[in-house]
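Asks: Got a structure here, written out as structure tokens. Questions coming.
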Amino acid sequence: MIRRRPVGPALVLSAGLLTGCGAASSSTAASPGPTSSAASSPAAPAPVASATPSPTDDSDLLDSAPATLDALRASEARRPVAVLVPGVAQPAMVEARTTDPVGGGLDLPDSAAAVAWWASGAAPGTAAGSVVLAAHVSFDGQTGPFTRLAQVDPGTRVVVTSADGSAHTYAVQSTRSAPKTALDRAELFRTTGPPALVLVTCGGAYDRRTHSFADNVVVTAVPV
Amino acid sequence: MSRPLPALIGAGLLSVALPLGASVVTATPAAAAPGDTVLTVVHGVRGFVADVRLDDKLVLSGFAPERVTDPLEVPPGEHRVQAWPTGAAPGTAPVLDQVINLVGGEHVTAGIGLDQDGKPTITLFKDDGLLADSGSTALVVRGLADADPVKVVAGDRTISDALGGAQQGVQQIAPGTYPVSVQPANGGPSTVPTADIPVVAGRAVVLYLIGSQQDNTLGWVAQSVLPNASSAPLRIDTGFGEVPTAGDATTTVLVLGLPTALLAAVALRRRHRPLPA
């Protein structure tokens with residue numbers, strides 16, 4: 001039987017995020033190939049008496065998860081397709097989005113109506129990491145589902161629906177506003193650590209010259 | 001399944017570099033160092049439920065085939081990996097006994113597969129760089145099977161012309177679901193059923209060909225690799241244009257109504273102003 005342990009805050013890719021070891025450029029060429037020195041290592045040292053298979057302490061044992069095609073399909077089917085923030089908005093559709101490689105920002109829909117899910121992060125129901133959903137506070141004169149996000153009450157039950165029809169409920173814990181230029185990326189875009197839902201829109205002063213707002217409004221919620 | 005062990009390499013020689021029993025491996029973030037390797041293990045040998053030791057430290061117990069571990073942070077350099085069938089008697093020779101060499105700062109997956117003799121072996125694959133840039137999506141195939149090279153096609157895209165053991169093919173691809181088919185690279189009928197593979201935006205879906213061609217047990221296991229942390233968005237620009245206020249009746253009166261009223265008042269005053277004498 002596989003012995004499971006809680007996923008720590010730095011076990012997956014945020015190990016690099018927290019420690020800086022993830023600084024390797026993502027723009028390096030693909031197809032790096034296997035590291036042949038290790039793959040072809042012929043070394044097979046003779047067993048020694050101390051190396052027995054008997055488990056003694058399971059506190060450091062690694063967790064594992066199914067790697068079957070069915071598990072992959074089930075994981076994909078957890079991608080969010082709708083979100084409801086009661087009291088501040090009608091239900092809204094969610095689209096999978098990634099980092100814009102040109103500008104480096106989250107690639108948002110050209111619409112006030114749609115919500116973007118940062119698809120490189122966690123999906124609802126995942127054991128670790130933050131599910132990041134972002135939407136325009138306004139777009140081209142239109143308001144959207146997150147326009148009144150800053151007014152959400154603590155404890156509000158936010159419901160995220162996945163493609164497989166499952167509903168995931170989160171309770172709002174905090175709402176904060178911070179300058180866009182001081183976005184806490186390490187906390188916001190977590191791929192490890194306790195599961196959370198993070199809702200993001202814009203707020204603060206509006207700059208008519210750049211058509212942009214000074215702040216991000218960030219609402220954090222936890223699974224219930 | 002037992003593997004012959006060369007007697008020429010003494011345990012004492014290895015212990016110079018890696019004192020057996022030294023706890024150099026950690027699964028806890030507190031001890032993580034910036035130069036560590038982030039190691040994930042994929043198990044692709046059917047029928048082999050394993051206890052796995054890294055540098056003589058038990059890291060996996062009852063590790064079942066077709067599973068993938070959480071990442072483990074390991075200092076760079078040489079490490080000894082040994083695996084026994086779970087429940088093997090103490091003192092039993094390991095089925096797998098191999099030294100791997102890890103590069104600091106890299107994200108690496110160690111695949112447990114079969115070599116050309118049908119024996120369990122470990123192949124390391126580097127996970128960094130699978131995605132061409134921070135917004136990319138990729139489909140990756142890697143070989144862990146005891147088989148002749150195969151051609152792997154997803155929809156109308158060839159992912160690998162000749163995927164053999166310890167090799168990989170990488171293609172940047174649009175998100176979606178693709179029928180992935182396998183054919184022997186030198187022709188002949190496929191022994192792997194075509195499978196629909198979902199590829200989510202912003203990550204690399206990695207398929208490992210496992211099993212044995214001779215035993216007709218070829219198949220896939222899958223892993224989803226996220227981009228590294230530096231690929232997270234730098235900002236979220238969630239506003240384009242001022243927030244309309246039309247829905248607020250009071251504001252509408254103040255913003256639109258008040259100036260209109262003032263203009264009207266001025267016009268009326270002008271109209272009723274007495275003509276100069």
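FYI, it's all coordinate maths here, none of it is from the lab. Values in this document were obtained by computation on a predicted structure and should not be read as measured data. Every residue, glycine as well, gets a Cβ built from its backbone with ideal geometry; the counts of neighbours run over all protein chains shown.
Every residue, every condition in (1) in contact (Cβ under 8 Å) with a residue 12 or more places away in the chain; (2) within 10 Å of chain B (Cβ to nearest Cβ), yes or no:
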| site | (1), (2) |
| --- | --- |
| A:D110 | yes, yes |
| A:L133 | yes, no |
| A:A150 | yes, no |
| A:G165 | no, no |
| A:H168 | yes, no |
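Asks: Still on this model: Failed condition for A:A128, given (1) hydrophobic (A, V, I, L, M, F, W, C); (2) in contact with an Asp or Glu (Cβ under 8 Å, 6 or more places away or on another chain); (3) farther than 23 Å from A:S212 by Cβ, with all others met?
Replies: The single condition A:A128 does not satisfy is (2).
Asks: In segment B:83-143, which strands (runs of 3 or more DSSP E) lie fully inside it and hold 3 or more residues that are farther than 30 Å from A:F189 by Cα and facing another protein chain (nearest Cβ under 8 Å)? Walk me through it before giving the result.
Replies: Values: elements: B:96-102, B:107-114, B:120-126, B:138-143.
The qualifying strands (runs of 3 or more DSSP E) are B:96-102.
Asks: Related question: Hey, does segment B:66-79 have a residue that's farther than 17 Å from B:D36 by Cα and more than 7 Å from every other protein chain (Cβ to nearest Cβ)?
Replies: No, segment B:66-79 has no match at all.
Asks: Of the conditions (1) under 21 Å from B:L130 (Cα atoms); (2) assigned to a loop (DSSP other than H, G, I, E, B); (3) of a type in the set (V, I, T), B:I159 clears all except one; give me its number.
Replies: So B:I159 meets the others, but not (2).
Asks: Only one of these is over 19 Å from the mean Cα position of the chain (by Cα), buried (at least 21 other Cβ atoms within 10 Å of the Cβ) and not charged (D, E, K, R): B:G202, B:G211. Name it. Before you say what the answer is, go through the steps one by one.
Replies: Numbers: B:G202 fails: over 19 Å from the mean Cα position of the chain (by Cα).
After applying the criteria, what remains is B:G211.
Asks: Separate question: Touching a Ser or Thr at 6+ places or on another chain (Cβ under 9 Å), over 28 Å from A:A74 (Cα atoms), not in a loop (DSSP other than H, G, I, E, B) and not small (G, A, S): which single residue out of A:T175, A:T181 fits that description? Full working, then the answer.
Replies: On the way: A:T181 fails: touching a Ser or Thr at 6+ places or on another chain (Cβ under 9 Å).
Matching residue, one of A:T175, A:T181: A:T175.
Asks: Could you figure out which of (1) surrounded by fewer than 20 Cβ atoms within 10 Å (Cβ to Cβ); (2) under 18 Å from B:Q167 (Cα atoms); (3) in contact (Cβ under 8 Å) with a residue 60 or more places away in the chain isn't true of B:D115?
Replies: Just one mismatch for B:D115, condition (3).
Asks: Right, here's the next one. Scan segment B:144-156 residue by residue and report those that are assigned to a loop (DSSP other than H, G, I, E, B) and of a type in the set (A, V, I, L, M, F, W, C).
Replies: Initially, segment B:144-156 is screened for residues assigned to a loop (DSSP other than H, G, I, E, B), giving B:144-145, B:147-149, B:155-156.
Correct list: B:L144, B:A145, B:A147.
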